[in-house]
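The values are calculated or read from the model by the stated rules, or taken from the named source; none is laboratory data. This is a predicted model, so every value here is computed, not measured. Here the Cβ positions follow ideal geometry from the backbone for every residue, glycine too, while neighbour counts run over all protein chains shown. Only protein heavy atoms, including side chains, enter the accessible area calculation; ligands, DNA and RNA are left aside. Shrake-Rupley method; radii C 1.70, N 1.55, O 1.52, S 1.80 Å.
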Amino acid sequence: MSRLIFFLICLPFLNSIGHASDEAKGDKNVTVDCNTLRLGQYICPHPNKTQIDPDTQQFIGCTKGKDIPSEGEADVLCIAAEGIICNQTNNSTFWRKMPCKWTNGYSLEIALLLSVFLGMFGLDRFYLGYPGIGLAKLCTLGFMFLGQLLDIILIAAQVVGPSDGSAYIIPYYGAGVTVVRSDNETYLLPQADWHNIT
C-alpha cells in the first residue's frame, strides 16, 4: 500500500521531467566539424543525389590512387543525422572522401570474350595493354592453347587486369574482386598455438 502511495506522489514529477527532456531534444541543433562524425551519425552517399556513374558503377569523379592505381578516392556528398549541422556548409550536408575503384575504360566482359574466342591469337592481352605476351601468344597459338585456358581463368578471376593498374568496368553492381594484400607493414597477431610449430 505504501508503494502505491509513493508511486502516485512521484508520478507527476517523473512526467514533467520526461516532457522537459523531449522539448530540449526537439529544438536543439548541434554544429560540429562533420569530418569527425562517427559511423551512424551520417549517411554517405546522400540518398537523394545520384553520385554513381551508370557506366562504371563507381562514384562520379573517382581519381587514380597514389600507391595502387585501382584503389582511388572520390569526393562524395553526404548527409549528417537529424539535429547535426556541419560548420563547413552551415547545413546538414558535407563532402567526404570515399574509396572507389578507378577505371580507365577496360571492360571485364570484353576482356573475357576476347580471351575465350580469340585468346589463342593474343587479342585479350593486346586489349589489356600487354603487347609482348600478346605477340608471344599469337606466334605460338596461345602457347598451344594452354595459355589461352590459363588466361580465361585469370581474367575471369580478375587476377590479370589492365596494364595501367586500373580496375575493370563491370556493367552491374557487385561481383568486383577485392585483393587482400600483405607486406612488411602487415602486423600478425601472435596466436596461442605458435609455440607448437617446430
Quick one: the Cα spread of the stretch 23-136 along its three principal axes, in angstroms, biggest first?
74, 26, 19
Counting only protein heavy atoms and leaving out ligands, DNA and RNA, the solvent-accessible surface of Ser92 at a 1.4 Å probe, in Å² to the nearest 10, equals 40 Å²
Under the Debye formula (equal points on every Cα, no solvent term), log10 I(q)/I(0) of the stretch 77-139 at q = 0.17 Å⁻¹:
-0.64
Calculate the spin-label point distance for Ser182 paired with Met98, positioning each point 7 Å from the Cα along the beta-carbon direction, and give it in nanometres.
3.1 nm
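Within a Cβ distance under 13 Å of Tyr130, other residues only, what is the Lys/Arg minus Asp/Glu net charge?
On the way: positive: Arg125, Lys137; negative: Asp124, Asp151, Asp164.
After counting each charged neighbour, the total is -1.
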Cα-based Rg then Dmax for the stretch 48-115, in Å, read 15.9, 54
Extension reserve of the Glu109-Leu39 stretch, reckoned as 0.36 nm per residue once the Cα distance is removed
21.7 nm
Straight-line reach only, C-alpha to C-alpha below 28 angstrom: list the lysines that Lys49 could link to, leaving out same-chain residues fewer than 8 apart.
Lys28, Lys64, Lys66, Lys97, Lys101
Counting other Cβ atoms within 10 Å, which chymotrypsin sites (Phe, Trp or Tyr not before Pro) in the stretch 125-170 have at most 15 and lie in a DSSP loop?
Phe145
In terms of modelled amide H atoms, which long-range or inter-chain residues lie less than 5 Å from the amide H of Ile85?
Val30, Thr31, Val32
Quote the Stokes-Einstein diffusion coefficient, in whole µm² s⁻¹, for the stretch 69-175, based on the Kirkwood radius over alpha carbon pairs, a temperature of 25 °C and a viscosity of 0.890 mPa s.
153 µm²/s
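Largest first, what is the accessible-area ranking of Val76, Val32 with a 1.4 Å probe? Walk me through the intermediate numbers first.
Values: Val76 0, Val32 40 Å².
Largest accessible area first, the list is Val32, Val76.
How would Trp102, Trp95 line up by accessible area, probe 1.4 Å, largest first? Walk me through the numbers on the way to the answer.
Numbers: Trp102 40, Trp95 145 Å².
Result, largest first: Trp95, Trp102.
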